[in-house]
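Reviewing the structure listed below.
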Amino acid sequence: MAGNVSEPGSRILGTGHYLPSKILTNQDLEKVMDTTDEWIVSRSGIRQRHIAAPEQASSDLATQAAQRALEAAGISAKDLDLIIVGTVTPDLPLPSTAMFVQRNLGTRKDCPGFDLTAACAGFIYGLSIADAFIRSGFATHVLVIGVELLSRIINWEDRSTCVLFGDGAGAVVVGPATGDGRGVLSTHIYGDGSMIDALKIPGGGSRMPFSQEVLNNKLHLVQMVGVDVFKYAVKALTASVQTALAKNHLAPSDVDWVIPHQANLRILEAVQHRTGIPKERFFINIDQTANTSSASVPIALDQAVRAGKVLPGQSLVFCALGGGIAWGSALVRW
Ligand SMILES: CC(C)(COP(=O)(O)OP(=O)(O)OC[C@H]1O[C@@H](n2cnc3c(N)ncnc32)[C@H](O)[C@@H]1OP(=O)(O)O)[C@@H](O)C(=O)NCCC(=O)NCCS
């Protein structure tokens, strides 16, 4: 599905991110499981990940990122019309994490908000929805957050998955475009339910309610067929980037920055090779953050913006893929 290939209707007004202060390095993992720094770096590019403090929940990380994004956008929480939180690690199954964020930020009391489950594509899905709401006149300012506490849902006894993930939050404030050609040019979101089994948490939902058996068999934790996700990611991410370029009549050489989901450096190297976009144009932070799922793109975006790498008028491509399988891309003129 592709939205809005025309003049931008919305623009990212401000970005923010938050990473918990505790860092868990590959060397730390070597001490507690049968793995090596060499294996993790060579297979994934990851050197460390951030881990939330026991008292922190997703909304705490999300609120910090959101406050930074609001400050950067120069608007008050009271100006928000909608809060979208991409997450697979909500504070509670009910109510939404968005309501915790709403309360923490002190928005208008009636500001709507909801959680969005598209795994690692959660931020791109959220941006697509924000853009559509602003274009349609339903909202003026939308807060889009990606937040995950993956350390709480990974199986620390499964070395093939647990080394890949980390915690964090990223946020953007989206507002109306101002007619100068800058803003969200197009968004492209996709899903393939035939791949449900490649990446899932089998227990704890309505299909298999939480029970002693779920707990004993660790069915409330992430299960992943890494090789299947890897192969799918290379093809789907490449295609989604190419679609975003084609719809906007841009060549790979026109791209100033790709802000990709940081799941695996080797996936990104394959996407670089297949799209022909040079690797220097990919903003990479996976070595520092590992895979933070829906938080990954907005964290990377905020880091790139605050480092002064992203300049007005530049062409940015966002892309992400995760459980579902759900994936997508967006083209933004900064
Ligand atoms: C998970 C992933 C890194 C594994 O890389 P790979 O090259 O496919 O490695 P394999 O799964 O073939 O494992 C190779 C060996 O390393 C071992 N291994 C797995 N995890 C290990 C670890 N942390 N440390 C050391 N060895 C490990 C395996 O047991 C296997 O050993 P064997 O050959 O004796 O059976 C890779 O498949 C991947 O990144 N997939 C995509 C995952 C992803 O990004 N998911 C999220 C998308 S949002």
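The values are calculated or read from the model by the stated rules, or taken from the named source; none is laboratory data. For clarity, every value in this text was computed on a predicted model and none was experimentally measured. All Cβ positions, glycine included, derive from the backbone under ideal geometry; neighbour counts span all protein chains shown. When the accessible area is computed, the model is the full protein with side chains, heavy atoms only, and any ligands, DNA or RNA have been set aside. Shrake-Rupley method; radii C 1.70, N 1.55, O 1.52, S 1.80 Å.
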Completion exercise
Note: among 321, 268, 301, just one is modelled with pLDDT of 95 or more, within 16 Å of the ligand (Cβ to nearest atom) and in a helix (DSSP H, G or I), namely 268
Handout entry: Scan of region 214-252 for residues that are touching a residue at least 12 places away in the same chain (Cβ under 8 Å), more than 10 Å from the ligand (Cβ to nearest atom) and among the small types (Gly, Ala, Ser), ordered by number
Key = 236, 240, 244
Handout entry: Residue count, region 32-57 (criterion: open to solvent by 90 Å² or more (accessible area, probe 1.4 Å) and either under 30 Å from residue 99 (Cα atoms) or within 13 Å of the ligand (Cβ to nearest atom) (or both))
Key = 7
Problem - Single match in 136, 206 (criterion: free of Cβ contacts under 8 Å to residues at least 60 places away in the same chain, surrounded by fewer than 22 Cβ atoms within 10 Å (Cβ to Cβ) and within 30 Å of residue 242 (Cα to Cα)) - result: 136
Practice task
Name every residue in region 85-123 that is aliphatic (A, V, I, L, M), assigned to a loop (DSSP other than H, G, I, E, B) and in contact (Cβ under 8 Å) with a residue 12 or more places away in the chain, in order of residue number.
Solution key: 88, 118
Exercise for the section: Considering (1) touching an Asp or Glu at 6+ places or on another chain (Cβ under 7 Å); (2) not in a helix (DSSP H, G or I), say which one residue 49 fails and leave the rest. Expected result: (1)
Completion exercise
Residue pairs qualifying under the 6 Å Cβ cut-off, at least six apart or on distinct chains, with the first in region 22-36 being more than 13 Å from residue 162 (Cα to Cα) and part of a helix (DSSP H, G or I) and the second being within 13 Å of the ligand (Cβ to nearest atom) and open to solvent by less than 70 Å² (accessible area, probe 1.4 Å), are 27/37
Handout entry: Any hit, region 183-191, residues being out of contact with any strand residue (DSSP E or B) (no Cβ under 6 Å at 6 or more places or on another chain), open to solvent by 20 Å² or more (accessible area, probe 1.4 Å), at negative phi and at pLDDT 95 or above
Key = no
Fill in the blank from the handout: Considering residues that are buried (at least 21 other Cβ atoms within 10 Å of the Cβ) and more than 16 Å from the ligand (Cβ to nearest atom), the number found within region 324-334 is 3
Practice task
Tell me which of these residue 140 doesn't satisfy, since it passes every other one: (1) touching a Gly at 6+ places or on another chain (Cβ under 7 Å); (2) more than 17 Å from residue 170 (Cα to Cα); (3) assigned to a helix (DSSP H, G or I).
Solution key: (3)
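Residue-by-condition table, conditions (1) modelled with pLDDT of 95 or more; (2) surrounded by fewer than 16 Cβ atoms within 10 Å (Cβ to Cβ); (3) of a type in the set (Asp, Glu):
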position: 27; (1), (2), (3): yes, yes, no
position: 60; (1), (2), (3): yes, no, yes
position: 66; (1), (2), (3): yes, no, no
position: 69; (1), (2), (3): yes, no, no
position: 77; (1), (2), (3): yes, no, no
position: 104; (1), (2), (3): yes, no, no
Handout entry: Test: residue in region 145-160 that is among the basic types (Lys, Arg) and either within 16 Å of the ligand (Cβ to nearest atom) or touching a residue at least 12 places away in the same chain (Cβ under 8 Å) (or both)
Key = yes
Problem - Selection count where residues are in a helix (DSSP H, G or I) and within 14 Å of residue 169 (Cβ to Cβ), scope region 69-84 - result: 2
Exercise for the section: Look through region 271-286, keep the residues that are under 20 Å from the mean Cα position of the chain (by Cα) and open to solvent by less than 50 Å² (accessible area, probe 1.4 Å), and return whichever of them is nearest to the ligand (Cβ to nearest atom). Expected result: 286
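Here is a yes/no grid of residues against (1) among the aliphatic types (A, V, I, L, M); (2) out of contact with any helix residue (DSSP H, G or I) (no Cβ under 8 Å at 6 or more places or on another chain):
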| position | (1), (2) |
| --- | --- |
| 179 | no, yes |
| 188 | no, no |
| 197 | no, yes |
| 204 | no, no |
| 207 | no, yes |
| 211 | no, yes |
| 221 | yes, yes |
| 229 | yes, no |
Completion exercise
residue 121 passes all but one of the listed conditions (1) under 19 Å from residue 321 (Cβ atoms); (2) open to solvent by 40 Å² or more (accessible area, probe 1.4 Å); the exception is number (2)
